[in-house]
1. Identify the residue in the range 115-173 that is in contact with a Ser or Thr (Cβ under 6 Å, 6 or more places away or on another chain) and of a type in the set (D, E, K, R) and, among all such residues, is farthest from K59 (Cα to Cα).
2. Could you tell me whether the range 79-93 includes any residue that is more than 28 Å from Q178 (Cβ to Cβ) and among the aromatic types (F, W, Y)?
3. Can you list residue pairs whose Cβ atoms sit under 6 Å apart, with the first residue in the range 1-29 being assigned to a helix (DSSP H, G or I) and the second being aromatic (F, W, Y) and modelled with pLDDT under 90? Count only pairs 6 or more apart in sequence or on different chains.
4. Would it be correct to say that G135 is at pLDDT below 90, closer than 24 Å to V65 by Cβ and loosely packed, with under 14 Cβ neighbours inside 10 Å?
5. Go through the range 145-160 and give me each residue that's over 17 Å from G184 (Cβ atoms) and surrounded by fewer than 24 Cβ atoms within 10 Å (Cβ to Cβ).
6. For the range 172-182, does any single residue satisfy the condition of being within 29 Å of F8 (Cβ to Cβ), in contact with a helix residue (DSSP H, G or I) (Cβ under 8 Å, 6 or more places away or on another chain) and of a type in the set (S, T, N, Q)?
7. Which of the numbered conditions does Q94 fail, given that it passes all the others? Conditions: (1) within 18 Å of the chain's Cα centre (by Cα); (2) within 23 Å of I165 (Cα to Cα).
8. Looking at this structure, is W124 over 18 Å from the mean Cα position of the chain (by Cα), of a type in the set (A, V, I, L, M, F, W, C) and within 20 Å of L64 (Cβ to Cβ)?
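The values are calculated or read from the model by the stated rules, or taken from the named source; none is laboratory data. These numbers were taken from a predicted model, which means no experiment stands behind them. Ideal geometry is used to build each Cβ from the backbone, glycine not excepted, and the neighbour counts take in all protein chains shown.
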Amino acid sequence: MFSSNLCFIKYLFVSSILLSNIIATKIIDAGGLILPAAIILYPLTFLFTDVVSEIEGRKKTQDLVMMGFYMSLIMVLIIYISQILPPASFWKQQEAYNIILGSTPRIVLASMIAYLISQNHDVWAFHWWKDKTSGKHLWMRNNFSTIISQLIDSVLFIGIAFGGIYPAKSIAIMIFSQYLIKVGIAILDTPFCYILVRIYGNYRKQIQKA
């Protein structure tokens, strides 16, 4: 029963990865900060892996990270197949469809490289801080692991996804803007990390005692 409940967090993680890869195509202006639209969702994936790390450990969290990777590859394949299928004669949106989803493979490539490096670093750093603090101070490992991992992710993702498409100055602004927002989200999601760990951790203890 506990496993089924924690699976909801894992489902949210994988869904967030897939949706982030799609919506990252759009560049938004958030009060002067130039960002991929994925900024509204992707930073939460680090919260989800931190919760799974705290409750189920490093190995299962790394398995979850790889699951997100495999599902993204499947998504790219399905999108590609949908693009090459012949459109109906009355359907005139093929060009728009290709413009929006045609860049998804590059977005996903950038995302996957950044994702594999940053997420695995996050899992490693989370448990490194956990060992250093003897399992105390969840806020420390939640934030310290994520803040560095988000920097790695921002530099790799923006550089690979948009390098050569936009001027170098725009790339630098996007990296800075994205990282600034990600750090803010990482700090703000700390109470939610405590809440989720408390809920699922207590539930597991109850099940084990039953």
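1. Here the answer is D153.
2. Yes; the residues of the range 79-93 include at least one that is more than 28 Å from Q178 (Cβ to Cβ) and among the aromatic types (F, W, Y).
3. F2/Y203; L6/Y200; S20/Y42
4. For G135, the condition - at pLDDT below 90, closer than 24 Å to V65 by Cβ and loosely packed, with under 14 Cβ neighbours inside 10 Å - is met.
5. Passing the criteria: I152, V155, L156, G159, I160.
6. Checked against the condition, which is being within 29 Å of F8 (Cβ to Cβ), in contact with a helix residue (DSSP H, G or I) (Cβ under 8 Å, 6 or more places away or on another chain) and of a type in the set (S, T, N, Q), the range 172-182 yields at least one hit.
7. For Q94, the exception is condition (1).
8. No, not satisfied.
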